[in-house]
Structure formats: structure tokens, C-alpha cells
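Step one of this worksheet: look at the structure below.
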Amino acid sequence: MPFKSLNSAHIIETLERLADRVRERFPDASLNNVVTEVIDLGKRDRRRSERLARPYILLRMGTAAAIIGAVISLAYMGYWLFSAIGVDGDGFDIFNIFEGVEAGLNIVILAAVAIFTLSRIEERLKRSLALDDLHELRSIAHIIDMHQLTKDPTAVLKLGPRTASSPTREMSDFELSRYLDYCAELLSLAGKIAALYAQSSRDPVVIAAVNDIETLTSNMSAKIWQKIIIVRDSA
């Protein structure tokens, strides 16, 4: 439904527009390669996050088979116990009762273990897939941050002389502001890609990992915007 969930297609479209803007403004910047990498990750993660929302049919069939098998076995044990006791109660034997109850409990326990194991397998498979992808998004966030790390806005204030090891600064105030803005926007979109997994999963471990990435990208964006404010105030 509109405005109640993230639309992965819109995220990709926004990333592709950002890629065009970066390429048109900074055609030789290595940031172009980073944006392309984020787009590729976004397209892949879009498919995977959607897959996480779907059940694993074979595992669900195994769970259903375990439930059906338990019901059939319990029904058989009930029939056997009823037959052993006899309709008129002539064959009543307390040991038959105990044997039937014990067999029924064993069936219930085995069925419960099978159902729990199968459900945990599905949960672990989905969790492993999600965490691997989220780890890549966390790494790409740090790469984006590295690309803006040397874009020091205090250089525009000319507070002191350059040294031999000072980074080359060829951007104007406007270009520096736009470059930093693109980095902040790219970080935000990386966080939105991560949020697709929280939208498709109820696993608390996955949701916690998504929250960590969103906090990370938000903090990085906040630092970048501090730089942008310095640049704009100095203009």
C-alpha cells in the first residue's frame, strides 16, 4: 500500500538519478564508481529482501509433514490403546495405558523437535543471507565516508598555509558543497536499502543490524552536513 512501506523501485530510481547528477557535475570523480556499486547492491538486495519475505516451500512442507505425521501417529496410538483395552473394558490393563501414554508423549516430543528444527533452519538461512548483505552495506557506508574525508571545509577559510602533504583542493565553494551533499544523500540511500531487510523480516537480529546501519549512516550524514554549513557560511 502507498506510503506504508518502502518502495524498492523508487530507491533504485533515486540512486540512478543521483548517479547522473554526480557524473554530470564530477565526471572524473571516483565517487561515480561508488554510486554505481551502491546501485548494483541496491538491485541485488531488492531481490533478496523480497525473497526473505517469502517462505521456503520445502522447509514448510517438511514442517507440515511432521505435523501430519504426528497427528496420524497419535490417532493410530489412540486406536491401538482403545483396541488393547477393549470396548467393554475386559482387556483393561494399567500397563497398556502407560505404554500408550508414553508412546504418545514420544511422538509429540519428536514432532515438536522436528518442527522446531525445521523452523530454525529457515530462520538461520534467512538471517545469514540478510547479515551478509548488511555487512556489505556497512562497508560501503565507510567507503562513502572515506571519499568525503579529505574534503575539508576549513580550507576555504584559508586559516593557514598549505604543507607539502596537504591534499589537493581544486573545488570551488559551490562544488565542494555539492560534492558533500551527494555523499550525504548516498549515505542516506544506503541506509534505506538496509531498511528493506527490516521491512521484510521479523528477525530481531536482522532488525538490530539494520538499526545499526541506519544509525551509522545518519551519524556520518550529520558530520557531512556540518561541513556543508561551514562552506555555505563562508561563502
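Descriptive notes on the structure:
- Here K126 sits with roughly 40 square angstrom of accessible surface, probe radius 1.4 Å.
- Across K43/K192; K43/K223; K126/K192; K43/K126, pairs whose alpha-carbon gap is larger than 21 Å: K43/K223
- Cα gyration tensor shape for the range 104-149, rounded if a/c is under 1.5, else prolate or oblate: prolate
- Accessible-area ranking of M61, M171, M220, largest first, probe 1.4 Å: M61, M171, M220
- In the complete set of protein chains, residue-level accessible area for E13 is approximately 90 Å², probe 1.4 angstrom.
- Rounded to the nearest whole Hz, the Karplus-based 3J(HN,Hα) values (6.51 cos²θ - 1.76 cosθ + 1.60, θ = phi - 60°) of the range 119-133 follow the sequence 5, 5, 4, 4, 4, 5, 4, 5, 5, 4, 4, 5, 5, 4, 5, with x at glycine and proline.
- In the assembled protein chains, D233 presents an accessible area of approximately 120 Å² (probe radius 1.4 Å).
- Charge dipole of the range 16-55 about the Cα centre (unit charges at C-beta), most positive-ward option of S49, N33, V22: S49
- Partners of K227 within straight-line reach, counting aspartates and glutamates whose Cα lies under 19 Å from its Cα and excluding those fewer than 8 residues away in the same chain: D145, D152, E170, D173, E175, D181, E185.
- Largest first, the residues I229, I12 sort by 1.4 Å accessible area into I229, I12.
- With R₀ set to 22 Å, the beta-carbon distance separating W225 from H135 gives a calculated FRET efficiency near 0.25.
The values are calculated or read from the model by the stated rules, or taken from the named source; none is laboratory data. What you see is a predicted model; the values in this text were computed from it and never measured. Please note: Cβ atoms are built from the backbone with ideal geometry, for glycine as well, and neighbour counts cover all protein chains shown. Please note that ligands, DNA and RNA were not included when accessible areas were found on the heavy atoms of the full protein model with its side chains. Shrake-Rupley method; radii C 1.70, N 1.55, O 1.52, S 1.80 Å.
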